[in-house]
Amino acid sequence: MKMGIKVLSLFDGISCGQVALERAGIEVDRYFSSEIDEPAMKVTQINYPNTIQVGDVKEITMDKYKNIDLLIGGSPCQSFSTFGNGAGMNGKSGLFWEFARILKGIKPKYFLLENVKMKKEWRDIITKEIGVEPIEINSAEFSAQKRTRLYWTNIPKHLWKVKNTKLCEVLEDLPYREIPPCFFKKWGDKMRIDKGLNWVGNNKANCLTTKNCHTNQYLLNYNRTRCRLLTPTEYEKLQTLPIGYTAGVSNTERYKSIGNGWTVDVIVHLLKPLKDALELI
């Protein structure tokens, strides 16, 4: 029986993977984190001081990571995303090849790769390299946020129960202000509020981004007469992170790192079968 697993996390960010492993009740012996963003690394070390930071994914060599039980990572999505530049594998998202290189090199028992919905040609390339079909999950089934993502994994699958968390359940009681004129668009012969904004009456928030200045991050009150920005704490709740998890860095960095992170409870669901698969105590 194993007392804990060895994990290598690529593009680790703020270590949402460690939060998920802890929440899933999976003991970790050693957690190696490959990350280069300093504020994200700071958040990780505040919350998980035993994390072993190993630097740039491009510098990882195989000989140091024998007997890894679990390889995880969410490779950059910017050039895969519909909101990105469309460069695909030729852009920043081409860092996927580092995940594929390391996966083939260290041959972990289990792996999990996350990315956005994308063009079929890019999805097919990843599927061919990884060797499994992706699972599509919308974070709305586990949180108050709409966030559709693809997950490639060889971890045994299991059914899940939808958590019907509503947007109003995660919001703080804070004042609203007048809606800026730029939020209005002409729809036919009338001026209406841009439909991209969140509304308190909706069941789910729009997908979080890395900045709180985008219209998706503004919240309309019940009467649709005033608005405010989503707070860092609300960001954390929408990603099902612990409240205050990112409090050690500036608000700008909090928004960025949370927007780049995973919806933790989705990852919990995907990782839970590991406890039995690896015969953990």
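Using the beta-carbon distance between GLU121 and ASN154 and R0 = 25 Å, what value does 1/(1 + (r/R0)^6) give for FRET efficiency, to the nearest 0.05?
0.60
Among PHE184, PHE99, rank each residue by its count of other Cβ atoms within 10 Å, from fewest to most, as a rough exposure measure.
Listing PHE184, PHE99 from fewest to most nearby Cβ atoms yields PHE184, PHE99.
Could you point to the label whose value was computed as Cα Rg over 2.2 N^0.38 Å for the structure here, given [x] 1.18; [y] 1.04; [z] 1.09?
Matching the structure shown: [y].
How far apart, in nm, are two points set 7 Å out from the Cα along the Cα-to-Cβ line at ARG224 and at ILE52?
For the pair ARG224/ILE52, the computed spacing is 5.5 nm.
In what order do TYR65, TYR151, TYR235 fall by count of nearby beta-carbon atoms within 10 Å, going from fewest to most?
By the 10 Å Cβ count, ascending, the order reads TYR65, TYR151, TYR235.
Less than 12 Å Cβ to Cβ from LYS58, Lys/Arg counted +1 and Asp/Glu -1: what total charge do the surrounding residues give?
After counting each charged neighbour, the total is -2.
At a 10 angstrom cut-off on C-beta neighbours, averaged per residue, how do the peptides 70-76, 127-133 rank from highest to lowest?
The densest-packed peptide leads the list: 70-76, 127-133.
So for ILE5, ILE267, fewest C-beta neighbours within 10 Å to most, what's the order?
Ranked by crowding around the Cβ, least crowded first: ILE5, ILE267.
Name the residues whose placed amide hydrogens come within less than 5 Å of the amide hydrogen of ILE135, ignoring near sequence neighbours (fewer than 5 apart) on the same chain.
Excluding prolines and chain starts, which carry no amide H, the hits are TYR151, TRP152, THR153.
What trypsin sites (Lys or Arg not before Pro) in the stretch 143-234 are in a loop by DSSP, with at most 14 other Cβ atoms within 10 Å of the Cβ?
Sites meeting the loop and neighbour criteria: LYS157, LYS161, LYS163, LYS166, LYS195, LYS211, ARG224.
Relative to the first principal axis of the alpha-carbon coordinates of the chain, what is the inclination of helix 96-106, with its axis defined by its Cα atoms, in degrees from 0 to 90 and to the nearest 10?
Result, in degrees: 20.
Could you check the spin-label model distance between GLU172 and THR210? Points 7 Å from the Cα along Cα→Cβ, value in nm.
Between GLU172 and THR210, the simple spin-label model gives 2.4 nm.
Taking 30 Å as R0, compute the FRET efficiency from the Cβ-Cβ separation of PHE184 and ARG101 and round it to 0.05.
0.05
Counting every Cα pair in the stretch 167-238, what percent are over 17 Å apart?
39 percent
List the residues, sorted by chain then number, that are 5 or more residues from LEU229 or on another chain and whose placed amide H is less than 5 Å from its amide H.
Here the answer is LEU219, since their amide H atoms fall under 5 Å of that of LEU229.
Since every read-out is calculated from the coordinates, none of them should be taken as a lab result. The shown structure was predicted, so the numbers you read here are calculated from the model rather than taken from an experiment. Note: ideal-geometry Cβ built from the backbone for every residue, glycine included; neighbour counts use all protein chains shown.
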